[in-house]
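Worksheet: one structure, shown below.
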Amino acid sequence: MSQAATPSDVASVYLQHGPYGQGHDPHGHGHADARGHGAGGPAPKRVIVGYGFWVFLLSDIVMFSAFFAAYAVLAHATAGGPTGKQLFDLNRVAIETACLLVSSFTCGLGYVAATRRRQLETQFWMLVTGLFGLVFVGLEVLEFYEMIQQGAGPGRSAFLSAFFALVGCHGLHVTVGGLWLGTMMAQIWFKGFKPPIMRRLLCFNLFWHALDIIWVALFTIVYLLGAGA
Amino acid sequence: MSGHDEDWEYDDAAPGDEHAGGSGFSAIQVYLLGFLLAIGLTVASFWIAGSNAVWGPGIPAALLSLAVAQMGVHLVFFLHITSGPENTNNTLALAFGVLVVLVIVVGSVWIMAHLNHNLMTLDQMKRMQH
């Protein structure tokens, strides 16, 4: 912020010196030591971007909570069709859970490697992350396919509508996350660890970890409680 | 622009930033610790759901507690959300998000569970029209 005054620079000068300009600076060092607090000036872009993305993720989680609420209300409305206990295969869910957890971990390792500017290590961990994500999505598609083959598609009962909406929405997020992951790998490879790329990588990491948090709620409420009920 | 680590001297932390010099663990050790804790909690969840070790009616409560614990582990060890002053904004946003989630989920379940109880029956409604 040394070249040109941004609106927040102007605002900070206004707040420190009042509306009539100079002359009210008892300590004599202006805002040169601004450290990102209030009138001191804007926080660094990395913090602003990360915070903004964090707020987006929380809103995404709020959207998921609506799907969870719908599922919780409709879980027993099977309309004479199959119940969760008959449909869910907990072994497959355990493998899916392991895939997503490992990919969340390797995603973190990739980020640590990126902060240390290690190209090959970053690419390796991100590739592992993507492969585990792919296995996860594959298993989920297989599950959906088998259920629809058995006549337990989303149109069968309110329970299954809510199930496909909730689990499918999460699977869609993982798929989009996988595409984003591939894009990030290419950008890191061709453009290097520039600050904008690192900010995107930070956001991607937050996204991927948040998906795992949602999966924790999902496998507990939908699969484990559903199979036990 | 110096390019790297341009803002480590600032006081606010972005969510996901590992904190320099806070815990005494390296970044990888923090991820590893979180990973091991998450594995333990996941295994416990699947084991409780598939065994008779816990008293039947207590299983949902046990599973929900394990899930909340695991979400906490993910938040602290993977997303690096802490209670420290540099994380105040992130924590406040999270607290508000949790509040909205609870209102939506608990509110929906609560209302829908009492819907039949609170609605008038068709007979009562007909009687009111006279």
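Odds and ends about this structure:
- Qualifying chymotrypsin sites (Phe, Trp or Tyr not before Pro) in segment B:44-120, where qualification requires a DSSP coil assignment and no more than 16 other C-beta atoms within 10 Å, comprise B:TRP55.
- Here the 3J(HN,Hα) profile of segment A:67-81, calculated from phi with Karplus coefficients 6.51, -1.76 and 1.60 at θ = phi - 60°, is 5, 4, 4, 4, 5, 4, 6, 9, 4, 9, 8, 8, 6, x, x Hz, Gly and Pro shown as x.
- If you take all other residues with their beta carbon under 12 Å from the beta carbon of A:GLY171, and give Lys and Arg +1 and Asp and Glu -1, the sum is -3.
- Peptide-level mean, for B:31-42, of C-beta atoms on other protein chains within 10 Å: 4
- Alpha carbon centroid spacing (whole Å) that separates segment B:42-66 from segment A:99-139: 30 Å
- Spin-label zone in segment A:95-118 - amide nitrogen under 19 Å from a point set 7 Å from the Cα of A:THR175 along the C-beta vector: A:96-97, A:100
- FRET efficiency for A:ALA165 and B:ARG127, using Cβ-Cβ distance with R0 set to 51 Å, rounded to 0.05: 0.85
- Taking all pairs of distinct alpha-carbon atoms in segment B:52-118, Kirkwood radius in angstrom: 14.6 Å
- Order of A:GLU140, A:GLU121, A:GLU96 under a 10 Å beta carbon neighbour criterion, fewest first: A:GLU121, A:GLU140, A:GLU96
- Net charge, A:LEU139 excluded, C-beta distance under 14 Å - Lys, Arg +1, Asp, Glu -1: -4
- Counting Cβ atoms of other protein chains within 10 Å of each residue's Cβ and taking the mean over peptide A:72-78 gives 2.
- With Cα atoms defining each centre, segment B:75-127 and segment A:145-174 are spaced 24 Å apart in the structure.
Bear in mind that the values in this text are calculations on the coordinates, not laboratory data. In this text, all values refer to a predicted model and were calculated from it rather than measured experimentally. All Cβ positions, glycine included, derive from the backbone under ideal geometry; neighbour counts span all protein chains shown.
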